[in-house]
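Q: Take a look at the following structure, please.
Since every read-out is calculated from the coordinates, none of them should be taken as a lab result. On a predicted model such as this, the values are computed, not experimentally measured, just so you know.
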Amino acid sequence: MMTTAMLLLTVSCVFLWWHKAQWVWLPVMAALVLGLIIFVNDVDFSTNLGIQL
Amino acid sequence: MREGFLSPELERVLNLLGMLGIVGVILGSYVYQFSYRELPCTLCLLQRVAMIGVAVGAAMNVMIGPDTRHYGVCLVSSVFGIAIAFRQSLLHMNPFFDKKTGQPTLEATSNPPFGQEVFGLNLYIWSVIIFTVVFLAIGLVQLIRDPSSWPAREPAWLSRLASLGVGLLAIVIASQAVLVFMECGFGDCPNDGGWNWWIFRSSTGS
């Protein structure tokens, strides 16, 4: 998933550089959402924060 | 009526400098990664994602022109980055907490810092500082910018410089994507801080 996030960021920057595309914020936000999912999966809430989900 | 004293040209130059600063930070992290043979952990890579998000927002300001939507990309990315960096800092700030048992401990060596220090601070502490500075800088720019004075023709030197800078950013992000693929593949990334590349694990069959 981290690779996918980085690929999304690469696509957004290449299209910004090549076509000055206005929509490049979309893949950036998608990469951040993927990052959020990775983050939530990485945190062991029950042991590190004392929260049982 | 002028709303602020920061002209769009100056705004683009400042965004370009900020973007190049982030390119420098990412290249600096490569130096540490390869010289100390330490692969970045999941939280470290997430901070790079956030940092690249900030850089792409700044690049939008540089290439397309300053706009509140482009600053929005920077803001959302910097808030995400602060959350990740703060989480990692807190994990390593409390040495009397055993991550394995989830209990307090009297052993101060249970949760050592991750990675090397730069000027006396770990990279995740620097990350908190950088994202906070980005957040504050965007707020200050919103106060003093003058969006009404957008020029009909942009200076040619600025366009050339912008294209060069964003091209460099694209190369750095693409190299980061290749490195992340080599480290993690399409699965979870290793968190052991060693030289544990996925691509070499999978090629040796282990």
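Q: Report the gain in length on full extension from B:SER202 to B:TYR36: 0.36 nm times residue separation, minus Cα-Cα distance, nm rounded to one decimal.
A: 57.5 nm
Q: Could you give the length gained by full extension between B:LEU143 and B:ARG160, i.e. 0.36 nm per residue of separation minus their alpha carbon distance, to one decimal place?
A: My answer for the length gained is 3.3 nm.
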